[in-house]
Each structure stands twice: as structure tokens, then as C-alpha cells.
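Notes to accompany the following structure.
The values are calculated or read from the model by the stated rules, or taken from the named source; none is laboratory data. The model shown is predicted, which means the values in this text are computed figures rather than measured ones. Cβ coordinates were reconstructed from backbone atoms using ideal geometry, including for glycine residues, and neighbour counts include every protein chain displayed. The accessibility values were calculated without ligands, DNA or RNA, using every heavy atom of the protein model including side chains. Shrake-Rupley method; radii C 1.70, N 1.55, O 1.52, S 1.80 Å.
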Amino acid sequence: MRYGITRKWITTNLLLLLLLLIGAEAIFISSMYTSYYDGVRRAMDNRFYSISGSLKVTGTQQKDAAAAAQDRALLLRQMVEQFDAKDRFELMLLRQGGQILSTSSGRVPGVVVPEDYLLAMQSNYDRGEKIYTTTSGEKIMAVTYPVPYPADDIAAIRLVTSLTLVDKNLGQLLVFSILVCVAILLFSVSSGVFFIKGIVQPLDTVEATARRIARGELDIRIEETYDGEVGRLCETINNMAQELQKNEQMKNEFISSVSHELRTPLTSIKGWMETLPHLSVKDENYEKGMQIINKETDRLYNMVEELLDFSRLQSGVKMEFQRVDLVAEVSDAALMMQARMQQQGVCLDYEEPQLPLPVMADPNRLRQVFINILDNAVKYSPHGGTVSIDFLQDGESAFIEIKDQGRGIAPDDLENVKQKFFKAKNSVRGSGIGLAVVDEIVKAMNGDVDISSALGKGTTVTVRLPLLGATGPVPQFLS
């Protein structure tokens, strides 16, 4: 994980930042180069415009053009001799053809015609520029301007300046800008490493903890010392481990409970099967044994069916929805439980409503829901107790309330009674998944189950189902 996130950060953020810095550096140096060199050009152009202005007013009093040209040539020679910017520029006078007549430095180069002179003579802008590197390695800029007014044998004015200082300043700017880019890059890398460290280390911890949880160490927890999204992730992992541990504990208790529930009837059946061969068919104990075997076999069958029903619902069973009368289904379930209620001395308080309550449901599953609820009510009701069934409806939903006068459910257990494998502290025989099956079926029919209870006073189970034709979501199909 560490290398995955780091690699992605390097290939995206860091490389993108590096490319941006390189681009910004290139643009900055290019703009500085252009700005500095343009500054040198403007300074040389201004110097030429100053000379040109002086030439314009020179010779205006002369009536003879040749005399005016001689005055301008004399003025230019004086300017070269008295040039006041020798520390920055070198002023040269060129004759026609490009030969140098004189310079402000006093040194007259060879007879090579400067390229900038040729450019000036060919240019539409009356200006020629060229950058040279001298034999000593010095970089210079030379600009030639044709003389705007006749000046005897002088054809052009040439200004030359060294670019050493300019290049030195550009070099310093280059170094400074590179240092700035390196500082930005280092800051980005350090902040990125800090950020990745703050993300990767917690994720490594989460990954290691999740791996241990997957191996079955459900009591492991992550120290909740992180903030933000990572903190919420750690909290979620801890909650998940807690729920898994809770489910694992309930599953183990369920297995132990089911094993005990299965052992009891099996022990009874095994005992009587060993006893019956030694009894006469006419013996009254023989008949009693056969009744017990039959009863315990039914008990085993019901337990296995309950387990299979829950397993089918968990794996996905398609429910056959159709229009059914909720009143009729509840009445059928009550009729099926009536014989058992009489055997256990429990009274049924039920008055069947005259009007039907149409719902969209699977009739077999719906009947199973009410039989399971009534079975629990009878199971926990004392001898002589009463189980009552009431109907309510608000125009959109129907409510069936089944109340008993049993021992009730402890407040700590009440919120968990619909969970699979859960058995309350004061529960009697059973697998502990009956209400879980009921809840799954009712949810599939777009309804819900509510349970309220008080210790020593009894329990009320309320099943809500949407009435057919009322506005609301379509029932869900388990598939």
C-alpha cells in the first residue's frame, strides 16, 4: 500500500509539479532574456535618436548641401572623439561599403565589413543588429544605423556594447530562479511525504488490523488517535470488529443452544427406542413411548424446518406475491394454533374483523409469520394466560398486534431479539432465529416488525404491512 500511494503521488503530483516548474522556469528566463536585451536595444536606439536630432539641426543655416554635409560629418567626428558614454557603448562611423572610419575607443578594426551594416542597408527599418562573440570570448551587441542626413563620406553610425554584465545578471537570475524552483520542489516533496506518511501509516495499521480480523482475531482494535476520514475509517473498522465479535458470540451460543435443543428430543427418542422392544404392544408404556417419540419427532422436524427457512431467506428465496386478505391469513394461523393453546391452558382473545384488509404478500410466508409469533406468545404465556390479537389500520398500512401475558423481555435483550442466533437471558427452548425469520419475511413484504415488552407483564409484537392500493414502495422480492 505504501509503495502504491507513493508511486501514484510521484507519477501524478510530483511529475506534474516538476513539469510546471520547468515550464515556468523556461518562460521566466525567456522573458528576462527578452527584457534585458530589449533594454540594451532601447538604450542604443535612444542614443542614436539623440545623435540624429543633433544632425537634423546641423547645417540648416548652410545654403550649400555639400557644406551642410561637411558640417554634419564634422559634428559626427567630434561626437566620436568626445563620446561621453565610452564605459557603456562604443561609437563608430562607417563609410559607404562598411569600412570603419573612426571609433570612440580609438581602435579601428580590420577591413571586414560588419554583418549588421549589411543588414542595415538591406532592412526596411533602417537598422541592422547582430550579436557577436569576440576572439577573447566576450559577447557584444552591435547595431548599425544608416545616417539619416547626408554627412560627407559617412554612411552609417554603429553602436557596440558589451553584454557581459547583462549575461551576468541573467545568470544570477537563472541561479536564483532555479533555487526558488528547487525550494518549491523540496517543500512540495516534504509536505507530500508528510501527507503520505499521515495517510499510509494509518492505512498500514488498518490493513494489518483487518488482516488479523480476517484470521479470526475479533477482539483486536485500532487505537482511535487519528482525525478526519482516517479516524472515521478506524472507528468503522472497530465497530465492524465489535459487530463480528458479537455475531460470532451469538453464533457460538446458537450452536450450543441448538445442539442442546436437538440433544433433548434425540435423547428421549433414543431412550424409548431402546425400551420399546422390551415392552408388549398391549403395555400402556408402549403407547406412551410411541406418543413421546411422535411428539419429539415433530419437535425436531419443526426445528429443522425453522433452520431451513432461515437459511433459504439468507441465501435468497423468491417470494410469490399475490393479493391476499390479511384477516383471513391471521384467522388461519389462529385456528392452527388453537389446539396447542388449549393443551397449554392459554386463552385466545380474538374477534375477526368483518371487513377484509387486502395486502400484496406471499400467503404461505405470511401465515408462517403469524404462526411463529403466536408460537412464541404461547410458549412464554403462563397457564391460564391470554393471547390477544387486534387489528388497526390508518388507510395506508394495516397493523396486527399480538399480545401475551408472559414473562416479558429484558430491556438489554429487547433491541437484539430480531437478530439471528440471539437468545434472551430468560428464553426457553428454541433455536433463537424465529423472530429473525419473521423480520426477514416482513421486510421482504415492505413491512416492519416492532416489539415492545415489560418484564413480568408480557410482550406485544406489532406487524405493519402496506395496504393494497395505498401509495408506497412496491414490495421487495428476495431472489
Seminar exercise, completed: Exception for TYR132 within (1) open to solvent by less than 60 Å² (accessible area, probe 1.4 Å); (2) within 30 Å of ALA69 (Cα to Cα); (3) not small (Gly, Ala, Ser) falls at (2)
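Go over the candidates ILE154, ILE196, ILE140, ILE131 one by one and state the one that is in contact (Cβ under 8 Å) with a residue 40 or more places away in the chain and more than 55 Å from the chain's Cα centre (by Cα).
Numbers: ILE196 fails: more than 55 Å from the chain's Cα centre (by Cα); ILE140 fails: in contact (Cβ under 8 Å) with a residue 40 or more places away in the chain; ILE131 fails: in contact (Cβ under 8 Å) with a residue 40 or more places away in the chain.
After ruling out the rest, the residue left standing is ILE154.
Hey, any hits in region 375-382 for a residue that's hydroxyl-bearing (Ser, Thr, Tyr), in contact with a Phe, Trp or Tyr (Cβ under 8 Å, 6 or more places away or on another chain) and either loosely packed, with under 15 Cβ neighbours inside 10 Å or not in a helix (DSSP H, G or I) (or both)? Quick ask: steps written out before the conclusion?
Filtering region 375-382 for residues hydroxyl-bearing (Ser, Thr, Tyr) gives 380-381.
Now restrict to residues that are in contact with a Phe, Trp or Tyr (Cβ under 8 Å, 6 or more places away or on another chain): none.
There is no residue in region 375-382 that is hydroxyl-bearing (Ser, Thr, Tyr), in contact with a Phe, Trp or Tyr (Cβ under 8 Å, 6 or more places away or on another chain) and either loosely packed, with under 15 Cβ neighbours inside 10 Å or not in a helix (DSSP H, G or I) (or both).
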Problem set entry | Hey, LEU185 at pLDDT below 90, surrounded by fewer than 16 Cβ atoms within 10 Å (Cβ to Cβ) and of a type in the set (A, V, I, L, M, F, W, C) or not | yes
Problem set entry | Unmet criterion (only one of (1) open to solvent by less than 40 Å² (accessible area, probe 1.4 Å); (2) not in a loop (DSSP other than H, G, I, E, B)) for PHE83 | (2)
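Within region 111-124, is even one residue assigned to a strand (DSSP E or B), among the aliphatic types (A, V, I, L, M) and either farther than 19 Å from TYR37 by Cβ or at pLDDT 90 or above (or both)? So that I can check it myself, show each step before the final result.
The initial filter retains those residues of region 111-124 that are assigned to a strand (DSSP E or B), namely none.
Within region 111-124, none of the residues are assigned to a strand (DSSP E or B), among the aliphatic types (A, V, I, L, M) and either farther than 19 Å from TYR37 by Cβ or at pLDDT 90 or above (or both).
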Exercise. Under 7 Å by Cβ, and 6 or more places apart or on different chains, what pairs join a residue from region 265-284 that is surrounded by 12 or more Cβ atoms within 10 Å (Cβ to Cβ) with one that is at pLDDT 80 or above and aromatic (Phe, Trp, Tyr)?
Worked result: LEU276/TYR286; LEU279/TYR286
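Quick check: is even one residue across region 117-132 farther than 17 Å from PRO146 by Cα and of a type in the set (A, V, I, L, M)?
The answer is yes; a qualifying residue exists.
Give the residues of region 28-80 that are of a type in the set (D, E, K, R), free of Cβ contacts under 8 Å to residues at least 24 places away in the same chain and either open to solvent by 80 Å² or more (accessible area, probe 1.4 Å) or over 25 Å from LYS139 (Cβ atoms) (or both), sorted by residue number. Give the derivation first.
Narrowing region 28-80 to residues of a type in the set (D, E, K, R): 38, 41-42, 45, 47, 56, 63-64, 71-72, 77.
Then drop every residue that is not free of Cβ contacts under 8 Å to residues at least 24 places away in the same chain, which leaves 38, 42, 63-64, 71.
The answer is ARG42, LYS63, ASP64, ASP71.
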For this session: Scan region 383-421 for residues that are open to solvent by less than 50 Å² (accessible area, probe 1.4 Å), at pLDDT 85 or above and outside any loop (DSSP other than H, G, I, E, B) and jot them down.
Result: THR386, VAL387, SER388, ILE389, PHE391, SER397, ALA398, ILE400, GLU401, ILE402
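For residues that are among the charged types (D, E, K, R) and touching a residue at least 60 places away in the same chain (Cβ under 8 Å), scanning just region 199-216, find the one that is surrounded by the fewest Cβ atoms within 10 Å (Cβ to Cβ). Steps first, answer last, please.
Looking only at region 199-216, we keep the residues that are among the charged types (D, E, K, R), and these are 204, 207, 211-212, 215.
When the remaining residues are screened for being touching a residue at least 60 places away in the same chain (Cβ under 8 Å), the result is 204, 207.
Numbers: ASP204: 12, GLU207: 14.
So the residue we want is ASP204.
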For this session: Check whether at least one residue in region 358-368 is of a type outside the set (S, T, N, Q), within 22 Å of VAL461 (Cβ to Cβ), without any contact (Cβ under 8 Å) to a residue 40 or more places away in the chain and loosely packed, with under 14 Cβ neighbours inside 10 Å, and report yes or no.
Result: no
For this session: Check off (1) within 60 Å of the chain's Cα centre (by Cα); (2) open to solvent by 60 Å² or more (accessible area, probe 1.4 Å); (3) not small (Gly, Ala, Ser) for ASN169 and give me the number that stays unchecked.
Result: (2)
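Just to be sure before I move on: is ASP219 within 30 Å of SER123 (Cβ to Cβ), out of contact with any strand residue (DSSP E or B) (no Cβ under 6 Å at 6 or more places or on another chain) and open to solvent by 70 Å² or more (accessible area, probe 1.4 Å) in the structure I sent?
Values: within 30 Å of SER123 (Cβ to Cβ): no; out of contact with any strand residue (DSSP E or B) (no Cβ under 6 Å at 6 or more places or on another chain): yes; open to solvent by 70 Å² or more (accessible area, probe 1.4 Å): yes.
Criteria not met by ASP219.
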For this session: Taking only region 107-128 into account, find how many residues are on the phi < 0 side of the Ramachandran plot, touching a residue at least 12 places away in the same chain (Cβ under 8 Å) and open to solvent by 70 Å² or more (accessible area, probe 1.4 Å).
Result: 5
Problem set entry | Those residues of region 342-388 which are under 15 Å from ALA398 (Cα atoms) and of a type in the set (Asp, Glu), in sequence order | GLU352
